[in-house]
Amino acid sequence: MQVKQLRLENFRNYGALTIEPGAELNVFVGRNAQGKSNLLESLYVLATSKSTRAAKDTELIRFDQPFARVTAEVLRERNSDIQIALTLSQTEKKAARINGVRHTRLAEVIGQVNAVLFDSGDLEIIRGEPSVRRRFLDLEIAQTSPRYVHALGAFRKALEQRNRLLRDLRDGRAGRDARSSLPAWNVQLAQHGALLVERRRRFLERLAQLAAGVHRTLSDERDTLEIAYVPSFALDEAAEAPAIRERFLDALASVEGEETARGTTLRGPQRDDVAFCVNGQDCRLYGSQGQQRTVALSLKLAERQLIEEIVGEPPLLLLDDVLSDLDDARRRHLFDLTARAGSQTFLSCTNLRAFSKGVLERATIYAVTAGEVSRQ
Ligand code: ATP
Ligand code: MG
């Protein structure tokens with residue numbers, strides 16, 4: 001897919017901006033705090049309806065403004081071209097327009113445009129808490145599966161209510177027949193949770209294969225990467241949703257006493273994790289800074305390929321400030337990989353020194369200064 005035109009209104013430090021990016025590599029160069037990351041973020045928000053940086057949507061709205069809007073004209077190979085606009089408001093629910101038609105159900109909007117973002121926060125996928133890895137999986141799978149978005153919403157609701165019940169049981173606040181409603185919650189949780197686990201494992205299995213290939217290339221054929229899903233209850237490798245549901249129910253039954261004592265749900269996808277091993281060692285614990293960075297980048301480039309496989313065309317590739325972390329060989333491999341992939345790429349950096357003449361010649365270059373963008 002290709003963004004023909006991008007328009008920002010009151011998004012972060014942009015007042016009004018319209019650009020028509022090039023079909024291949026677009027480079028946004030500027031000093032710190034000028035709006036480079038904000039611009040890449042706007043495209044990611046348009047694709048996923050969420051930012052990875054902002055805790056609240058209202059942070060995306062320009063200071064003292066009532067709303068922010070991101071609008072893009074996108075050429076798609078597999079589907080008809082689309083105009084998509086996302087509006088974030090201080091007072092109303094966020095809403096999107098697709099070719100002028102208003103949608104408030106964001107599940108219908110997510111995935112109309114696909115994007116893969118790599119930014120410095122992605123290092124946390126490797127070395128952060130398990131919740132960061134689960135969030136990564138949820139966001140990525142949601143992009144290509146409305147069913148996953150639905151199951152995730154239903155699972156969270158069931159989990160919240162089950163946890164409330166467990167807390168009430170722990171604190172002696174629950175009514176006499178409260179405990180007898182627990183099995184019904186278990187069934188709800190296991191039904192939606194099994195689908196989440198099945199999809200996450202399937203996604204990760206394919207992602208792991210692709211990431212291993214990218215990682216070999218980026219590390220000059222030196223390092224091997226293995227990725228594994230780590231469920232919170234015992235599971236056969238090949239288990240599908242119905243079998244996972246049964247194991248999940250067994251696991252919940254086996255910890256019921258502990259759960260009511262602690263007042264929280266102790267098994268399920270909300271406790272699962274992902275392990276990254278480089279040359280046989282857990283990269284989270286033993287990886288060097290450079291190895292962790294390379295794993296994170298491999299993951300994102302693999303994800304780009306995976307989305308292409310699923311959707312049938314490459315997603316937008318958003319590379320925020322990635323060059324400063326890489327040595328010359330890795331940079332060269334990165335440019336080779338992205339050029340061959342045929343993705344429209346948006347890359348931010350603070351200067352152009354890292355680029356070879358060949359790469360600069362085929363790139364569209366923009367200077368970013370205080371929320372203004374000018375073509376070079
Ligand atoms: P760096 O090279 O340091 O990464 P950058 O060009 O990527 O810089 P951005 O992260 O895009 O910088 O942010 C640019 C500016 O946007 C910051 O100075 C920040 O104060 C401003 N900013 C962030 N959110 C808002 C907002 N809601 N309204 C107005 N300005 C904002
Ligand atoms: Mg930045």
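The values are calculated or read from the model by the stated rules, or taken from the named source; none is laboratory data. None of these values were measured; they are calculated from a predicted model. All Cβ positions, even for glycine, are placed from backbone atoms using ideal geometry, and neighbour counts span all protein chains on display. Note: areas computed on protein heavy atoms with side chains; ligands, DNA, RNA excluded. Shrake-Rupley method; radii C 1.70, N 1.55, O 1.52, S 1.80 Å.
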Quick one: how many residues across the stretch 49-67 are more than 16 Å from ligand 2 (Cβ to nearest atom), of a type in the set (Gly, Ala, Ser) and free of Cβ contacts under 8 Å to residues at least 60 places away in the same chain? 1
How many of the residues in the stretch 126-139 are open to solvent by 10 Å² or more (accessible area, probe 1.4 Å) and within 12 Å of the chain's Cα centre (by Cα)? 6
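If you go through the stretch 311-358 one residue at a time, how many are part of a helix (DSSP H, G or I) and not charged (D, E, K, R)?
The number of residues fulfilling the criteria is 12.
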Filtering the stretch 342-354 for residues that are more than 21 Å from Ala33 (Cα to Cα) and open to solvent by 20 Å² or more (accessible area, probe 1.4 Å) leaves a count of 1
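A quick yes/no check of all residues on (1) in contact with an Asp or Glu (Cβ under 7 Å, 6 or more places away or on another chain); (2) open to solvent by less than 40 Å² (accessible area, probe 1.4 Å):
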| position | (1), (2) |
| --- | --- |
| Arg78 | yes, no |
| Thr87 | no, yes |
| Thr91 | no, no |
| Arg97 | no, no |
| Leu106 | no, yes |
| Ser145 | no, yes |
Pull up the stretch 16-58, narrow it to residues that are open to solvent by 20 Å² or more (accessible area, probe 1.4 Å) and small (Gly, Ala, Ser), then point me to the one that is farthest from ligand 1 (Cβ to nearest atom). Ala23
Matching entry among Leu334, Leu360 (being open to solvent by 30 Å² or more (accessible area, probe 1.4 Å) and farther than 23 Å from Glu73 by Cβ): Leu360
With the condition being acidic (Asp, Glu) and at pLDDT 95 or above, I'd like the helices (runs of 4 or more DSSP H) fully within the stretch 219-310 carrying at least 1 qualifying residues. 241-254, 256-262
Being touching a residue at least 24 places away in the same chain (Cβ under 8 Å) and open to solvent by less than 50 Å² (accessible area, probe 1.4 Å) is the filter here; which residues of the stretch 169-198 pass it? Leu169, Leu182, Asn186, Leu189, Ala190, His192, Gly193, Ala194, Leu195, Leu196, Val197, Glu198
